[in-house]
Amino acid sequence: MAKDAPRRWDRRMQQRLAHGEAAALGELYDRFASLVHGLAHRVLGDEGAADRITREVFAHIWENPDAYDPKQGPLRSWVATLTHERAVRRLHQTESAALARGGEGTTEDLERKVRRASAAARADYIVTAMPAPLRAALELAYFQRRDYRQTAADLGVTEDEARRRLRLGLQLLSTANDAAGPAEPHSSPGPPPGYGRAL
């Protein structure tokens, strides 16, 4: 029952947006603006560019509410996909323009930069989307440098459970590099694999 609550919220939000309910857009913004801005900033490394991407994403959602199909996956994942597409496209445009002006680097350097940025953004998304117990275990282990025994004690779980949480969290994170894949220059990037399903 509780698992269906987010799906109901997603469907209801899509319907409210389709009916032009401005309050729905505000609610959606409150819920996802930090996700959108964070992903865009991770790809672009620029506060102003991330602000512009954030405005573009929410404008697109407002103008195209029927573009989201709740049957295809969570609204959060769809919003992340929109953000990723726009941020990668902007990065391509910016870096390609710099190359055209005689900047340092090659097309291959640009593609490597796009792949790294995509993998980093996906890793950020995975961490924020994973269940809280997995996220807490990873944060203790990697940001506070706790081993699995200390992590277990801090979380009040068995050592086996701490190891399980760390293993699952790392398995999820390992998909970030796989999903980034090679980016195609001069093409509109599609959604990164995995963004369309619940994590």
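The values are calculated or read from the model by the stated rules, or taken from the named source; none is laboratory data. The structure presented is a predicted model; accordingly, all values stated were derived computationally and were not measured. Cβ: placed from backbone, ideal geometry, glycine included. Neighbour counts: every protein chain shown. Accessible surface areas use protein heavy atoms only, side chains included; no ligands, DNA or RNA. Shrake-Rupley method; radii C 1.70, N 1.55, O 1.52, S 1.80 Å.
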Across all Cα atoms of the range 1-50, Rg and the largest Cα-Cα distance (Dmax), in Å, are 13.9, 41
Calculated from backbone phi, Karplus (6.51, -1.76, 1.60) coupling profile of the range 56-73 in Hz, x at Gly/Pro
4, 4, 6, 5, 4, 4, 5, 7, 9, x, 7, 5, 8, 10, x, 5, 8, x
If amide H atoms are built 1.01 Å from N in the plane of the peptide, which residues on other chains or at least 5 residues away come under 5 Å of the amide H of residue 157?
none
Give me the Kirkwood hydrodynamic radius of the range 23-115 in Å, from all C-alpha pairs, to one decimal place?
14.2
At a 1.4 Å probe, what is the % contribution of carbon and sulfur to the accessible area of the range 59-163?
49
Electrostatic dipole magnitude of the range 88-172 [Cβ: Lys, Arg +1; Asp, Glu -1; Cα centre; debye, to 20]:
140
